[in-house]
Amino acid sequence: MKYVIIGSGVAGIAAIEAIRYVDSASPITLIGDDPYGFYSRPGLAYYLTGELHDKALFPRTAEDFRRLDFRYVKGKVTRILRAEHMLELGDQSQLSYDRLLIAVGAQAIPLEVPGAGLEGVLKLDHMSDAKLILKHARRGRTAVVIGGGITALELVEGLRSRGMKVHYLLRGDRYWSNVLDEHESKIIEHRLREEGVTLHHHAEIIELIGRNGKITGARLSDGKILNCDLLTYAIGIHPRVALAKEAGLDVDRGILVNEYLQTNDPDIFAAGDVAQVHDPLSGRSILDSLWAPARQQGYSAGLNMAGKKTAYLKAPPFNVTRLAGLTTTIIGTVGRGRDDDLVGIARGDSETWRQLPECIVAQTGFEVNRLRLLVGERTMLGAIVIGDQKLSFPLERIISDKVDISPIREKLLAPNARIGDVIAEFWSAGNSRN
Ligand SMILES: Cc1cc2nc3c(=O)[nH]c(=O)nc-3n(C[C@H](O)[C@H](O)[C@H](O)COP(=O)(O)OP(=O)(O)OC[C@H]3O[C@@H](n4cnc5c(N)ncnc54)[C@H](O)[C@@H]3O)c2cc1C
């Protein structure tokens, strides 16, 4: 059996680990076009702020890779010839496969305004983008950042910590309004102002202005011009579906796969940010643009490719991130998405947040510790924990295990309930662990 994997991200590497778990002998080839190979994309945020050296972003050693015993081809796959079971690469070479995994990820949606091609207009997808941003940050003084989600905030914080003056442009009236509630957005915005960031609400760029091919400013729809040496944006991502589409595979927003991560071609699998996975529990097909699901999908795909039939069961969304210096854990369904705010789904967002069943919101919090729970009829549907993280793990279990919370539901919903204490008591009494 000849296995070929396209994409050296976490899904691709996890697939190799799974194949080797089942099949120690057959040849595996990994084709990747990223000159830096496999590294932590979430770690790019900490690289931008200077908290992590780029060397710290590589989760596997050369020895780990040697043990997995695969061939690495640096290159870009340009075509999948399904009938021949062949791939075409950018250098015109060809490679055959018996089982193929497409794990090519997603890419930043390009900024489409006049002047977007100027030097100094940058997105953040790859390590090379982060390096380019840092190069411009060293030279420039003022930056503009566009986008309403986690990645945009990472850009804001990275550039601030490099000493740049930062204008942060939001399309709507508050930060990440399809996930955070008004109070949470205010907490984040307040902290950004304290860090010296200038926020602009209802801000829409209509044109980028340049001199000698380099950006010098951004013109807003209200006529205002913001002078800048660098503009970075994170306005959403698109799964890289072109290869699959051209090969005639079923594609919706991502490559459609069943719970075994298999496309409509039984020899071709897809996993990670590029895959739209059938979730047997909800009956829906879901895109999940997060590190942990990409890893799990890659692993399941690898097992299935090697003949060990294993369904991928989607866990409730779980994302730990840092917003304006505050550790924030988002579990399950926490926001009601708005179709008009696509900016908010930049990174780390999840479909299920926008498929909320009716539920009641109980919340508490003060300046920097905040807990919001979404309480269903018998189970907890979601939680957001900002600041103190003591309750993140218990809440993750309570939500993932669909623990019956009837014994505490009334207490949680009582006026002025100390919901954190109620959860802590419930958890330590052991009610939630069976
Ligand atoms: C800045 C940033 C911050 C993030 N922060 C978080 C976070 O805090 N938490 C979280 O859970 N997730 C986060 N994510 C998302 C997370 O990194 C992704 O969900 C995850 O990396 C997806 O893994 P993947 O293997 O599917 O795809 P990718 O990691 O995108 O890997 C795909 C690889 O395939 C390569 N490729 C594409 N086309 C071809 C081709 N034709 N031929 C060969 N190679 C090809 C790409 O260059 C890439 O190297 C972040 C992402 C970014 C960019």
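Extension gain, GLN92 to ALA62: 0.36 nm times the residue separation minus the Cα-Cα distance gives 8.0 nm. Shape class of segment 18-120 from the alpha-carbon gyration tensor: oblate, with a/c at 1.5 or above and b/c at least as large as a/b. If R0 equals 22 Å, the separation of the Cβ atoms of ALA311 and ARG397 corresponds to a calculated FRET efficiency of about 0.50.
Alpha carbon centre of segment 166-217 versus segment 76-94: separation in Å? That distance is 42 Å. Where only DSSP H runs of four or more residues are counted, the chain gives -7500 deg cm²/dmol as its mean residue ellipticity at 222 nm, each run worth -39500 (n - 2.57).
Taken over the Cα atoms of the chain, the convex hull encloses 153 Å³ per residue.
Among the helices of the chain, those built from whole DSSP H runs whose Cα atoms reach 15 Å or more along their own axis and whose mean Kyte-Doolittle hydropathy is at least 0.0 are 10-22, 150-161.
Note on exposure: LYS309, LYS131, LYS165 ranked by accessible area (1.4 Å probe, complete protein assembly) read LYS309, LYS165, LYS131, with the most exposed listed first. Counting 0.36 nm for each residue step from ASN416 to SER26 and taking away their Cα separation leaves a gain of 134.2 nm.
Take segment 26-155 with all the other protein chains still there, run a 1.4 Å probe, and you get 47 Å² of accessible area per residue. Here the chain exposes an accessible surface that is 49 percent carbon and sulfur, computed with a 1.4 Å probe and the other protein chains kept in place.
Note: segment 121-235, Cα convex hull, 96 Å³ per residue.
Using DSSP loop states and a limit of at most 16 other Cβ atoms within 10 Å to flag GluC sites (Glu not before Pro), what is the longest stretch of the chain containing no flagged site? For GluC sites (Glu not before Pro) (loop position, at most 16 other Cβ atoms within 10 Å), the longest site-free span of the chain is 205-357.
A 1.4 Å probe, protein heavy atoms only, puts the accessible area of HIS53 near 110 Å². Quick one: of LYS309/LYS390; LYS123/LYS245; LYS55/LYS186; LYS131/LYS309; LYS245/LYS308; LYS123/LYS224, which pairs are farther than 32 Å apart, Cα to Cα? Check vs 32 Å cut-off fails for LYS309/LYS390; LYS55/LYS186; LYS131/LYS309.
The values are calculated or read from the model by the stated rules, or taken from the named source; none is laboratory data. Note that the structure is a prediction, hence the values are computed from the model and not measured. So basically every Cβ, Gly included, is an ideal-geometry build from the backbone, and we count neighbours across all protein chains shown. These area figures cover heavy atoms from the full protein model, side chains too; ligands, DNA and RNA do not enter into them. Shrake-Rupley method; radii C 1.70, N 1.55, O 1.52, S 1.80 Å.
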